[in-house]
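Structure record follows, encoded as structure tokens.
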Amino acid sequence: MTQFKGKNSIKSVRYLAQQRAKYRTMAFSENGGLGPEQVVDFTFAEKVLYGRVDRDLNVIIPNDDYIETTPGGELGKTILALDIMQGPLIDMMASFRLACRMQNIPDTDPFLSNIEVYRGYESVIPKYQDHIDGVMSFFNLMYLGGDNMSDEIYDVKQYVAKLKVFMKQYGSSAPLTLTGFQMSRSSNVFTSGLAFDISGLAHDDDQAKQALFIDNPIFEFYLNVAKQYGFSISKNVPWVIVADLSSPAMKAYLEPLGLSTARSVFTTRYRKTVELDISFLRELIFTYYNDFVNSKPYSKTITTCNGKSKSTIRRRSTLIRSEMNNIINNNIIIDLYNSIRNNEEGSPYGTAESNLINKNAKKIKDSLDMDSAISYIEEQYRSIRKFKPGGLNSVIKKQNQKELKEKFGAQDPNGGGY
């Protein structure tokens, strides 16, 4: 009988919290409840953003040029992965097939006899676009619709001004930039191209975790083979394997490709989300302002003169792209982007500091270009990210220690990791 009973369908918040805590502390007894070295808690501290930030804490996504279809997927499904994952993943699967033929493990287990991948790389872009549609629909319909606020908007400049105010209230929980979204709980490790689900089971079912994996006689073999090919096992979801880019086993696959460190993987196979933020932000303004105008083509204002009220009706006009780009110029975008990023990061900068960032960014835009200005803004948030509470402040120290070992040829006795 399983001792872990956590499941999201449990209605009692208190009981569910107790069951989740029980699983976290008791599922893996080794190392004081942390589990064996190849078991990693990807919900804790800096591990939360594994594969979504690089070694310098820049927010990243895989470059689509390096995403490939991988064999071994569930029948009828197309599974994607980063190109560098093909070798270790295929070899790990082959090890299980060989073990079955040699009768070292049973060949009847539904998940651990013949490894199949049920879930691999998932592009963050469709998730982000669905999220944006929800946030901006709420902004247009509910936020602007309340207290006749929509009547205060005559043009796209006023629309953007209201959006800034909205984000001050909701930005930390409803990010608008791709950078903010990729760091949020709405994204996950599968957007990294480094993670694979080998069961397709619901991630919230603690009973299944224990019965089908943790208590499975094959589980120890599974842990050892995963380590042999450079994968960590998710503590919270033990049927999810995640590439440990710094492990000696994974480095054996990377080095023939000229990728000697985790840093080199992030440099060559990924791109920074900040490079896409402004194009998405401009598209967002264009699309949802026009949606707003189409749903509310008229604004009504009431003025009072000599005790008499007068209503004025104005017709709003949709925009074509060239018009919007002229009206919402780069200076306005700089102000908006910095304001949104500050809100998404929990408002680490006050008004005076934020204004100074805007001023410096505009100078950089004038002397260099818009891309450099936006990169400067994002650098202001990246540079303080490592000092935020919750564990990210420790990642730099750990990364530097790993790179020293990599540089001087020493191996990490714990098999690397983030």
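Worth pointing out:
- Meets criteria (more than 27 Å from the chain's Cα centre (by Cα), farther than 28 Å from Asp277 by Cβ, outside any loop (DSSP other than H, G, I, E, B) and acidic (Asp, Glu)) for Asp107: no
- Within segment 318-343, residues that are within 14 Å of Glu283 (Cβ to Cβ) reach partners that are in a helix (DSSP H, G or I) and aromatic (Phe, Trp, Tyr) with beta carbons closer than 6 Å, at six or more positions or on different chains, in the pairs Met324/Phe286.
- Residue ID - farthest from Tyr270 (Cα to Cα), chosen from residues in segment 102-148 that are loosely packed, with under 15 Cβ neighbours inside 10 Å and of a type in the set (D, E, K, R): Asp147
- Ser95 vs. criteria of a type outside the set (Lys, Arg), surrounded by 14 or more Cβ atoms within 10 Å (Cβ to Cβ) and in a loop (DSSP other than H, G, I, E, B): no
- Scanning segment 266-284 for residues that are among the aliphatic types (A, V, I, L, M) and surrounded by fewer than 23 Cβ atoms within 10 Å (Cβ to Cβ) gives Leu276, Ile278, Leu281, Leu284.
Throughout, read-outs are computed from the coordinates displayed, never taken from laboratory work. All values reported here derive from a predicted model rather than from experimental measurement. Virtual Cβ from ideal backbone geometry, glycine too; neighbours counted across all protein chains shown.
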